[in-house]
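Working notes, structure below.
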Amino acid sequence: MPHTDMLKSEFYYDLPQELIAQSHAVPRDHSRMMVLDRLTGETQDLHFYDLPSFLREGDVLVRNNSKVIPARLLGQKDTGAHVEILLLKQTEQDAWECLVRPGKRLHMGTVIDFHGKLKATICEELTDGKRKVCFDYDRSSNFFAILDEIGKMPTPPYITKELEDNDEYQTVYAEPLGSAAAPTAGLHFTNELLDKVRNMGVQIADVTLHVGLGTFRPVKEDVITDHIMHSESYSIDEENADIIRRAKEEGRRVICTGTTSCRTVEAVYAKHGTVCACHEDTDIFIYPGYKFNVMDGLITNFHLPESTLIMLVSAFAGYDNTMNAYRKAVRDRYRFFSFGDAMLII
């Protein structure tokens, strides 16, 4: 049975500010990697390029191939006042649900110009301070191509360094646009490392979960089960569902790259009793006591204290193992959060 009485405070650990990574390792697979044995709690200190030595022929590596939209737009009203818009969700052709700053001055009918490439009109005031924003642009151009040119990546607030290149905050295999934040466990992979893994006989299965800003939403309630989980959209096609389903049927391991891949395969199984092709939304909340039906191993980063992500890791690796590993990571000065070092739990 799930531990319904666990407190948010049980997932707190003390993190010095200087351990929050501001850029990924170069090369990407040279980040450090803590390997955690979830049965014994023992750890090893290695590098991400050592990953293949923990994989074996027949394993399936699941990865989230969602691509981050350069969704931060900096523009001006006709008064010259500076405005920032963050695209959250496309609601119809050329209309998006957005966060806006300064919200108090952006009312219905306000027009904003973005570098002469894009015009936006506030069409509707929504709940939670959000706005429906309608965009106008030269129809000979593609909206997403314009975003690529003028948009900035919606990096989390703890990354204060400006990106030199938007691709720094994308996985090397990102394809379908839709995320407001990167599935960051995948940032450690290089194409060369992926080739090495494939050549070992490890199968790669792609799922798509578009990461929403809710992934950064703090847990405010003291008892974790009182937290209302954010909903995110995911999809799996028949070919990739078949790869994962066959592995489970044949007793082969499924290793998930990141909590988003984990949530996707576990959500599909919870709903359908198997892994099948589908396109749905999920608000699955995984915390200690949860029984994993698909995932046998997890590649992840070191997550924020008291976050739903560290709760998911604790559910898989065990609460004591996880918190001990995190305290060790702080002592040994691992790099934390989105651009930080990796953890392999197996």
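Scanning the range 124-147 for residues that are in contact with a Leu (Cβ under 7 Å, 6 or more places away or on another chain) and either aliphatic (A, V, I, L, M) or part of a loop (DSSP other than H, G, I, E, B) (or both) yields Lys130, Tyr137, Ile146. In this structure, is Val60 assigned by TED's automatic domain parsing to the domain that holds Thr215 and surrounded by 14 or more Cβ atoms within 10 Å (Cβ to Cβ)? Yes; evaluated as a whole, the condition is true for this residue. Might you let me know whether the range 310-332 holds any residue that is out of contact with any Pro (no Cβ under 6 Å at 6 or more places or on another chain), without any contact (Cβ under 8 Å) to a residue 60 or more places away in the chain and hydrophobic (A, V, I, L, M, F, W, C)? Checked against the condition, which is being out of contact with any Pro (no Cβ under 6 Å at 6 or more places or on another chain), without any contact (Cβ under 8 Å) to a residue 60 or more places away in the chain and hydrophobic (A, V, I, L, M, F, W, C), the range 310-332 yields at least one hit. When the range 177-212 is examined, which residues are found to be assigned to a loop (DSSP other than H, G, I, E, B) and hydrophobic (A, V, I, L, M, F, W, C)? Once the filter is applied, which keeps residues that are assigned to a loop (DSSP other than H, G, I, E, B) and hydrophobic (A, V, I, L, M, F, W, C), the range 177-212 yields Ala180, Ala181, Ala182, Phe189, Met200, Val202, Val211. Would you be able to say whether some residue in the range 117-126 is hydroxyl-bearing (Ser, Thr, Tyr), under 25 Å from His230 (Cβ atoms) and touching a strand residue (DSSP E or B) at 6+ places or on another chain (Cβ under 7 Å)? Taking every residue of the range 117-126 in turn, none turns out to be hydroxyl-bearing (Ser, Thr, Tyr), under 25 Å from His230 (Cβ atoms) and touching a strand residue (DSSP E or B) at 6+ places or on another chain (Cβ under 7 Å). Which residues, taken from the range 315-324, are surrounded by 24 or more Cβ atoms within 10 Å (Cβ to Cβ) and either modelled with pLDDT under 95 or within 23 Å of Gln17 (Cα to Cα) (or both)? Within the range 315-324, Thr322 is the sole residue that qualifies.
Can you tell me which residues in the range 1-19 are of a type in the set (A, V, I, L, M), in contact with a strand residue (DSSP E or B) (Cβ under 7 Å, 6 or more places away or on another chain) and in a loop (DSSP other than H, G, I, E, B)?
Leu15 - this is the single residue of the range 1-19 that is of a type in the set (A, V, I, L, M), in contact with a strand residue (DSSP E or B) (Cβ under 7 Å, 6 or more places away or on another chain) and in a loop (DSSP other than H, G, I, E, B).
For Thr171, the conditions (1) touching a residue at least 40 places away in the same chain (Cβ under 8 Å); (2) in contact with a strand residue (DSSP E or B) (Cβ under 9 Å, 6 or more places away or on another chain); (3) not in a loop (DSSP other than H, G, I, E, B) all hold with the exception of (3). Candidates His115, His107: the one that is without any contact (Cβ under 8 Å) to a residue 24 or more places away in the chain and over 30 Å from Ser53 (Cα atoms) is His107. Only one of the listed residues (Thr121, Thr160) is assigned to a loop (DSSP other than H, G, I, E, B) and β-branched (Val, Ile, Thr). That residue is Thr160. Checking each residue in the range 235-283 for being hydroxyl-bearing (Ser, Thr, Tyr) and either part of a loop (DSSP other than H, G, I, E, B) or under 18 Å from the mean Cα position of the chain (by Cα) (or both) picks out Ser235, Thr257, Thr259, Thr260, Ser261, Thr264, Thr274, Thr282.
Would you confirm, using the coordinates I've provided, whether Val275 is in the same structural domain as Thr171 (by TED's automatic domain parsing), without any contact (Cβ under 8 Å) to a residue 40 or more places away in the chain and surrounded by 22 or more Cβ atoms within 10 Å (Cβ to Cβ)? Full working, then the answer.
Values: in the same structural domain as Thr171 (by TED's automatic domain parsing): yes; without any contact (Cβ under 8 Å) to a residue 40 or more places away in the chain: yes; surrounded by 22 or more Cβ atoms within 10 Å (Cβ to Cβ): yes.
Judged against the criteria, Val275 is a match.
Screening Leu177 with (1) aliphatic (A, V, I, L, M); (2) crowded, with 17+ Cβ neighbours inside 10 Å; (3) over 23 Å from Val83 (Cα atoms) gives one miss only, at (2). Assessment of the range 238-245 against the conditions (under 21 Å from Leu177 (Cβ atoms) and in contact (Cβ under 8 Å) with a residue 24 or more places away in the chain) yields at least one matching residue. When you look at Gln90, is it within 23 Å of the chain's Cα centre (by Cα), under 22 Å from Gln170 (Cα atoms) and assigned to a loop (DSSP other than H, G, I, E, B), yes or no? No, not satisfied.
Note on the range 137-147: among residues that are at pLDDT 90 or above and under 20 Å from Leu177 (Cα atoms), the one that is farthest from the chain's Cα centre (by Cα) is Tyr137. Scanning for something surrounded by fewer than 16 Cβ atoms within 10 Å (Cβ to Cβ) and more than 23 Å from the chain's Cα centre (by Cα), does the range 67-75 turn up at least one residue? Yes, the range 67-75 contains at least one residue that is surrounded by fewer than 16 Cβ atoms within 10 Å (Cβ to Cβ) and more than 23 Å from the chain's Cα centre (by Cα). Any idea which of Arg72, Arg101, Arg38 is in contact with a strand residue (DSSP E or B) (Cβ under 7 Å, 6 or more places away or on another chain), under 30 Å from Glu221 (Cβ atoms) and free of Cβ contacts under 8 Å to residues at least 24 places away in the same chain? Of Arg72, Arg101, Arg38, the one residue that is in contact with a strand residue (DSSP E or B) (Cβ under 7 Å, 6 or more places away or on another chain), under 30 Å from Glu221 (Cβ atoms) and free of Cβ contacts under 8 Å to residues at least 24 places away in the same chain is Arg101.
For first residues located in the range 177-204 and under 22 Å from Arg32 (Cβ atoms) and in the same structural domain as Asp242 (by TED's automatic domain parsing), partners that are part of a helix (DSSP H, G or I) and of a type in the set (D, E, K, R) and lie 6+ apart or on another chain with Cβ distances below 7 Å form the pairs Leu187/Arg28; His188/Arg28; His188/Asp29; Phe189/Arg28; Phe189/Asp29; Thr190/Arg28; Thr190/Asp29; Leu193/Asp29.
The values are calculated or read from the model by the stated rules, or taken from the named source; none is laboratory data. The model shown is predicted, which means the values in this text are computed figures rather than measured ones. FYI the Cβ positions are ideal-geometry reconstructions off the backbone, even for glycines, and counts take in every protein chain you see.
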